1. Setting aside same-chain residues fewer than 8 positions from LYS83, which lysines have a Cα under 20 Å from its Cα?
2. Quote the relative contact order of the range 18-115 in percent (integer), defining contacts as alpha-carbon pairs under 8 Å separated by 6+ residues.
3. Dipole magnitude of the range 21-63 about its Cα centre, charges +1 at Lys/Arg Cβ and -1 at Asp/Glu Cβ only, in debye to the nearest 20?
4. What residues have an amide H closer than 5 Å to that of PHE50, excluding those fewer than 5 places away on the same chain, when H is modeled at 1.01 Å from N in the peptide plane?
5. So how strong a dipole does the chain carry about its Cα centre when Lys and Arg Cβ are +1 and Asp and Glu Cβ are -1, to the nearest 20 debye?
6. Starting from the Cα of THR6, move 7 Å in the Cα-to-Cβ direction to define the label point; list residues of the range 12-47 whose amide nitrogen is under 13 Å from there.
7. Show me, bin by bin at 5 Å from 0, the whole-percent P(r) of the chain based on Cα pairs.
8. Rounding to the nearest 20 debye, state how big the charge dipole of the range 45-87 is about its Cα centre with +1 on each Lys and Arg Cβ and -1 on each Asp and Glu Cβ.
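Coordinate-derived values only; no laboratory data. Just so you know, these numbers come straight off a predicted model, no measurement behind them. Counting neighbours? That spans all protein chains shown, and the Cβs are built from the backbone with ideal geometry, glycine included.
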Amino acid sequence: VQLVETGGGLVQAGGSLRLSCAASGSIFSTMGWYRQGPGKQRELVAAITFGSRTNYADAVKGRFTISRENAKNTVYLQMNSLKLEDTAVYYCNARDLISPSLNYWGQGTQVTVSS
């Protein structure tokens, strides 16, 4: 199984970025995005089930949108109105549909929001 994230980078506060995560090697139930800021623990940003039910952290509600294309095993995170505190390494996560005890992570992509 492989999860490949793209789309991170440097953006000014108030700007937008779109992250993508292409997963391969299995079929996945819940897919999501986590982030880990400097000196902080990894936290859930947003998650989406195979049936497209979504869940968001309070800090990003109304600004971020998670979506997925099941045929492509790809999950997206559209991030708008970015704030300095959104600066973090963002990790893609995917839970195996057939073997739910298996949980996979991407390598992470850096998102830096500048003032």
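1. Correct list for LYS83: LYS40, LYS61.
2. Contact order relative to length: 32 percent.
3. 100
4. For PHE50, the qualifying residues are THR30.
5. Dipole about the Cα centre, nearest 20: 120 debye.
6. Inside the label zone: 18-23.
7. Percent of pairs per bin, in order: 2, 13, 25, 26, 19, 10, 5, 1, 0.
8. Here the range 45-87 has a charge dipole of around 140 debye.
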